[in-house]
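Structure first, commentary second.
The values are calculated or read from the model by the stated rules, or taken from the named source; none is laboratory data. These numbers come from a predicted model, not from an experiment. Ideal geometry is used to build each Cβ from the backbone, glycine not excepted, and the neighbour counts take in all protein chains shown. To get the accessible areas, we keep the full protein, side chains included, count just its heavy atoms, and leave off ligands, DNA and RNA. Shrake-Rupley method; radii C 1.70, N 1.55, O 1.52, S 1.80 Å.
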Amino acid sequence: MIAMVEPQTWSSDSRNPDPITDSLRLAIGTLTRIPIAPPSRLDRRVARNAMLIAPLIGLILGVLAAALIFGVRQIAGPEFLEGASSTLVRRATIVDLLGATLAIGGLAWVTRALHLDGLADTADGFGVRADRETRLAAMKDPHIGAFGTITVFFCVLIQIISLAASIRVGHGSLAIIVAVTTGRLALTWSCVSGVPAARNVGLGASVAGTVPRFGAAIATIVLIGISIAYGLLDDDATRRLAIVAVCSVLLGLSGVWWLRRSAIRAFGGITGDTLGAGVEVATAIVLVVLIVA
C-alpha cells in the first residue's frame, strides 16, 4: 500500500495543460479526500510544485482542526469554567481530550487516514529483518502487522494527549496549526533534490528529488515566521511560546530528516508510505514539544 493517493488517470493529449492547476490538483488529491479531477499530466515540474504547495494545504487543514477544538469548547459552555478547582480540572480535562480527539480524528478522516496507513506500512517495513526487496514487499502487504499496529496506536495516542495538554493551557489552536503545517512541510523536505526513490514506480518515484532545497528553506522560513507571529499575538502571548513554537518546527523537521535517512538505508529511498509516515512523525513531535510552552 502507499500512503498517498496515486494519480488515477493521466491524459497525455491535453492541448493546454496548466502546470499550476495540475499541481494544485495533485496536492489536493493526495493530501485530502476532497473530490477533484486528476492532473492532466504528471511531470517533475508538477510534482515539485505540488510538494511546495503541501504546507499551504497543511495550514488550511490545521485551521479547520483548530475550528473543531474551538467548537467543542463553545458547546461545552461557561459552566466548565466554574466550580471547585478539582471539579474544574476534571471537567476541563474531559473537554480538552474530546476536542483533541475530534481534531486528530477529523484530520484522519479528511485525509482518508492515508498518512497513518503509510506510518503503519513503514513501521512494518522497518520491523522486517531482511533484504531491501523483502522490506518493500512487507510494506506493500495490505495487512497491517504488529509493528504497524503498535506504532499507529502510540503515535495517535501521543498526538491526542499532547494536543489536549496544549488546549488545557490555552494554546491548542497554535499547537494544531503549527503541527499540521509542519507535517506537510515534512513532505517538501522529504522530496528535496538528491533524495532517491525506493521504487521506479509509484508516487515516491514521481516526487523524489523534485524540490529544490532553496524552495524548501523558503517554505520553512515562512512557517517559522507564522509560528512567531501567532505565538506573540496569541491571547496568552509570551515570548517563550513563540520560541518553543519555532523549536517545535525545527525538531519536527529533524525527526523527518532522521526518518528519511533511515528509509534510504533500509529501502533504498523514499516511497509514498515513508512520506505519509513523515507527516505523522513530524506532527507528533511538534505537539509533544509544544507541551512545554
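Within the stretch 200-215, the residues that satisfy the criterion of being in a helix (DSSP H, G or I) and within 30 Å of residue 230 (Cβ to Cβ) are 207, 213, 214, 215. Taken together, 184, 129 contain a single residue that is over 19 Å from the mean Cα position of the chain (by Cα) and among the basic types (Lys, Arg), which is 129. The residues on offer are 84, 100, and the sole one that is modelled with pLDDT of 95 or more and more than 29 Å from residue 140 (Cα to Cα) is 100. Between 261, 240, the distinction of being open to solvent by 30 Å² or more (accessible area, probe 1.4 Å), in a helix (DSSP H, G or I) and closer than 28 Å to residue 135 by Cα belongs to 261 only. Remark: pairs (first residue in the stretch 21-45, free of Cβ contacts under 8 Å to residues at least 12 places away in the same chain; second residue of a type in the set (A, V, I, L, M) and crowded, with 19+ Cβ neighbours inside 10 Å; Cβ separation under 9 Å; 6+ apart in sequence or on different chains) = 36/24.
For beta carbons closer than 8 Å, sequence separation of 6+ or different chains, a first residue in the stretch 196-216 that is farther than 10 Å from residue 48 by Cβ and a second that is aromatic (Phe, Trp, Tyr) and modelled with pLDDT of 90 or more, the qualifying pairs are 198/267; 216/189. Note on the stretch 27-51: residues that are within 20 Å of residue 118 (Cα to Cα) and surrounded by 21 or more Cβ atoms within 10 Å (Cβ to Cβ) amount to 7.
From the residues in the stretch 275-293 that are in contact with a Leu (Cβ under 7 Å, 6 or more places away or on another chain) and farther than 11 Å from residue 183 by Cα, which one is surrounded by the fewest Cβ atoms within 10 Å (Cβ to Cβ)?
289
Inside the stretch 235-256, residues that are in contact (Cβ under 8 Å) with a residue 60 or more places away in the chain and in contact with a helix residue (DSSP H, G or I) (Cβ under 7 Å, 6 or more places away or on another chain) make up a count of 7.
Scanning the stretch 264-276 for residues that are in contact with a Gly (Cβ under 9 Å, 6 or more places away or on another chain) and not in a helix (DSSP H, G or I) turns up 269, 270, 271. Of the helices (runs of 4 or more DSSP H) contained entirely in the stretch 123-199, those carrying at least 1 residues that are modelled with pLDDT of 90 or more and open to solvent by 70 Å² or more (accessible area, probe 1.4 Å) fall at 146-168. So is residue 227 assigned to a helix (DSSP H, G or I), open to solvent by 10 Å² or more (accessible area, probe 1.4 Å) and under 26 Å from residue 114 (Cβ atoms) or not? It is false that residue 227 is assigned to a helix (DSSP H, G or I), open to solvent by 10 Å² or more (accessible area, probe 1.4 Å) and under 26 Å from residue 114 (Cβ atoms). Is one or more of the residues making up the stretch 201-222 farther than 30 Å from residue 39 by Cα and touching a helix residue (DSSP H, G or I) at 6+ places or on another chain (Cβ under 6 Å)? Looking for residues that are farther than 30 Å from residue 39 by Cα and touching a helix residue (DSSP H, G or I) at 6+ places or on another chain (Cβ under 6 Å), one finds none in the stretch 201-222, hence no.
Scanning the stretch 247-263 for residues that are at pLDDT 95 or above and of a type in the set (A, V, I, L, M), we see that the one that is nearest to residue 66 (Cα to Cα) is 249.
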